[in-house]
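Just below is one structure, and these are the notes that go with it.
The values are calculated or read from the model by the stated rules, or taken from the named source; none is laboratory data. Computed from a predicted model, the values in this text were never measured in an experiment. Neighbour counts run over all protein chains shown; Cβ positions are idealised from the backbone, glycine included. Just so you know, the surface numbers come from the protein's heavy atoms only, side chains and all, with ligands and any DNA or RNA stripped out. Shrake-Rupley method; radii C 1.70, N 1.55, O 1.52, S 1.80 Å.
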Amino acid sequence: MTSSSFIKDNMLIDPYMQKEIIRRAVDGNFGDNPNQAVRSLGTVKTPNGREVAVHLRHAADAVLLDDFGHVVLVTRKHNPGAGLKALPGGFMDPVQGSGGATVAENAVTAALREALEETGISQQLLEGAHVVPVGHRSYDRPFDIRVAWGDMPGTDIKKGDFFAVSTQAFCVKTTQDLSRVSLKAGDDANAVVVAKISSLTSEEFGVADHLAMVRAAQVAA
């Protein structure tokens, strides 16, 4: 499937299918705090006549800022944007709720967990940071519809399914100079860097809305 005209590097690139999947994601009205980590969006028919299951998977991103104009970025290991800069972040996990039912991980918890895993930033620094949401959860992200590279444990997503990714950014503001903080890339990150926000350009980013999230976080901080 990865060699098909509507798929490139395990990403859906067909504009018609992108539009239809995003319409379903937006019309679902799942809000800023979805109660399930994954939602079914039905199926779509591909240009080669296959019916493919479609899902919506929720994520969270951490915008790690300081008082000196810095932000912590990672170099992505996988698509979208493999080899380019991005915010640390990732999927909200399915977890067991208080009543025993499976629910979505809290978005703030997911953002901070991913920041810790991908950048090696200290738990103590995160606990002392001021955390606020940046705007609202975004569902209108046609550039981030992926082809599942394998079955995803704990979800209904199977190898070859399509899944759109919704996300919300959280500003994580510290008074410490991030350029002096010990960091180490891990998990889905190949590298981690502390960058001056004023010097960043959109061409450096592998995920189309991440620079906008950084700039919005500066306002929200």
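Using modelled amide H (1.01 Å from N, peptide plane; none on Pro or chain starts), what sits under 5 Å from the amide H of LEU64, excluding residues fewer than 5 places away?
The list, which skips near neighbours in sequence, is VAL72, VAL172.
Within the P(r) computed for region 1-66, what percentage of the Cα pairs occupies the region above 19 Å?
43
Which peptide among 134-145, 107-118 comes first, and what is the full order, when sorted by highest mean count of other Cβ atoms within 10 Å?
107-118, 134-145
Using a 7 Å offset from the Cα along the Cα-to-Cβ direction at both VAL193 and ARG180, what is the distance between the two label points in nm, to one decimal?
With each label placed 7 Å out from Cα toward Cβ, I get 2.3 nm.
Between TRP149 and GLN124, what's the calculated FRET efficiency when r is the beta-carbon distance and R0 is 41 Å? Round to 0.05.
Step by step, r from the Cβ atoms, then E = 0.70.
Can you give me the % of accessible surface on the chain that is carbon or sulfur? Probe 1.4 Å, all protein chains present, nothing else counted.
In the chain, the share of accessible area belonging to carbon and sulfur is 49 percent.
With the chain treated as a Gaussian network of Cα nodes joined by springs under 10 Å, which of PHE162, PHE68, PHE170 yields the largest mean-square fluctuation?
The residue with the greatest mean-square fluctuation here is PHE68.
What shape does region 49-151 take by its C-alpha gyration tensor, where a ≥ b ≥ c are the square roots of the eigenvalues and a/c under 1.5 counts as rounded, a/b above b/c as prolate, and the rest as oblate?
Taking the square roots of the gyration eigenvalues as a ≥ b ≥ c, region 49-151 is oblate.
Per residue of the chain, what 222 nm ellipticity follows from adding -39500 (n - 2.57) for every DSSP H run with n ≥ 4, rounded to the nearest 500?
-6000 deg cm²/dmol
What translational diffusion coefficient, to the nearest whole µm²/s, does the chain have by Stokes-Einstein, given a Kirkwood radius computed over alpha-carbon pairs, a temperature of 10 °C and 1.306 mPa s viscosity?
89
So for region 147-221, what percent of the C-alpha to C-alpha distances run longer than 17 Å?
That fraction is 65 percent.
Could you work out the relative contact order of region 1-128, using alpha carbon pairs under 8 angstrom and six or more residues apart, expressed as a whole percent?
19
Which percentage, to the nearest 5, of the DSSP beta bridges contained in region 69-221 is antiparallel?
Counting DSSP beta bridges with both partners in region 69-221, the antiparallel share is about 95 percent.
Keeping all protein chains in place, calculate the accessible area per residue for the chain (probe 1.4 angstrom), answer in Å².
Here the residues of the chain average 48 Å² of exposed surface.
Count the net charge of all other residues whose Cβ sits under 13 Å from the Cβ of LYS159, scoring Lys and Arg as +1 and Asp and Glu as -1.
Spelling it out: positives minus negatives among the neighbours equals -1.
Over 5 Å intervals from 0, what percent of Cα-Cα pairs in region 95-171 sits in each interval?
Computed distribution, short to long bins: 3, 12, 16, 18, 23, 17, 10, 2, 0.
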